[in-house]
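Notes to accompany the following structure.
The values are calculated or read from the model by the stated rules, or taken from the named source; none is laboratory data. Here the structure is a predicted model, which means the values were calculated and not measured. Cβ placement follows ideal geometry from the backbone for every residue including glycine, while neighbour counts extend to all protein chains displayed. These area figures cover heavy atoms from the full protein model, side chains too; ligands, DNA and RNA do not enter into them. Shrake-Rupley method; radii C 1.70, N 1.55, O 1.52, S 1.80 Å.
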Amino acid sequence: MNLIILGAPGAGKGTQAEKIIAKYRLPHISTGDIFRANIRSGTPVGLKAKGYIDKGQLVPDEVVIELVQGRLSEEDCKNGYLLDGFPRTLAQAQALDKITKIETVINLDVDLSKLLARIVGRRTCPVCNMGTNTAWDSYTKECPKCEVTYIQRPDDTEETVKNRLDVYNNQTVPLIEYYKRAGVLKNVNGMGTVDEVFAGVVEVLG
Ligand code: AP5
Ligand code: MG
């Protein structure tokens, strides 16, 4: 299965991706996570990407395309993969079409006005990368598994999120039509609980 999970910032791509990869046994390729790991270890790609990410802008297409092309050529992607956060521009989608064949694009359909609160409340475990949200009843300050304090992403400030949502509307929304025309788009309601959304995902993936 060669899959893409598409959706606005905070739509729940990463949250659903964790469940999808566990059920369908696919590698999870999140360009955002790859950039954050590169920033943490101070690689040239990380240094290049940081300025864009901190402002809520997109990293230039050529940088991302090269990164994804390299990742998709690795052994674990031979029998399928789940792309999360890529593609985000028409140029990236066209480049991807030259590299591989996408079978299904899951589009998480969400109410954009609810996303700011979701993103600002997001917290992540720095060790196991598990996500949580300050709005959830189950929220605690520490990851119960790793016993370390959750951290907040530097680009999850209110001002940066507004930029990210503008960028999504201007540059990524056209991909919905692009994949609809290609006959591979599946819309899933992203506004229920995490488990309800996942049930919708499983319904389209089978
Ligand atoms: P990236 O990391 O991809 O961020 P994003 O697209 O802005 O999306 P998020 O990760 O913020 O949201 P998500 O949809 O994964 O939601 P999540 O599941 O965490 O990219 C970051 C930056 O990297 C970009 O701005 C750009 O600069 C750069 N970049 C990355 N890819 C690029 C590319 N291809 N080209 C150029 N630049 C690129 O959920 C959010 C919160 O809500 C969490 O707290 C979660 O617990 C909670 N939540 C999830 N589902 C539910 C639910 N159903 N109900 C209630 N709460 C929920
Ligand atoms: Mg994410």
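For residues that are in contact (Cβ under 8 Å) with a residue 60 or more places away in the chain and open to solvent by 50 Å² or more (accessible area, probe 1.4 Å), scanning just segment 117-129, find the one that is farthest from Tyr168 (Cα to Cα).
Only one residue fits best here, namely Asn129.
Pick from Lys180, Lys162: which is open to solvent by 90 Å² or more (accessible area, probe 1.4 Å), in contact (Cβ under 8 Å) with a residue 24 or more places away in the chain and in a helix (DSSP H, G or I)?
None of the others qualify; the one that does is Lys162.
Among the listed residues Ile34, Ile20, which satisfies the condition of being assigned to a helix (DSSP H, G or I), among the aliphatic types (A, V, I, L, M), touching a strand residue (DSSP E or B) at 6+ places or on another chain (Cβ under 8 Å) and surrounded by 16 or more Cβ atoms within 10 Å (Cβ to Cβ)?
Every option except Ile20 fails the conditions.
Considering only residues that are away from ligand 2 (no atom under 15 Å from the Cβ), more than 27 Å from Lys186 (Cα to Cα) and without any contact (Cβ under 8 Å) to a residue 12 or more places away in the chain, which ones fall in segment 1-49?
Across segment 1-49, the qualifying residues are Asn38, Arg40, Ser41, Gly42, Thr43, Pro44, Gly46, Leu47.
Hey, can you tell me all the residues within segment 130-147 that are loosely packed, with under 13 Cβ neighbours inside 10 Å and not basic (Lys, Arg)?
Matches in segment 130-147: Ala135, Trp136, Asp137, Ser138, Tyr139, Thr140, Glu142, Pro144, Glu147.
Would you confirm whether any residue within segment 68-89 is within 17 Å of the chain's Cα centre (by Cα), assigned to a strand (DSSP E or B) and of a type in the set (A, V, I, L, M, F, W, C)?
Yes.
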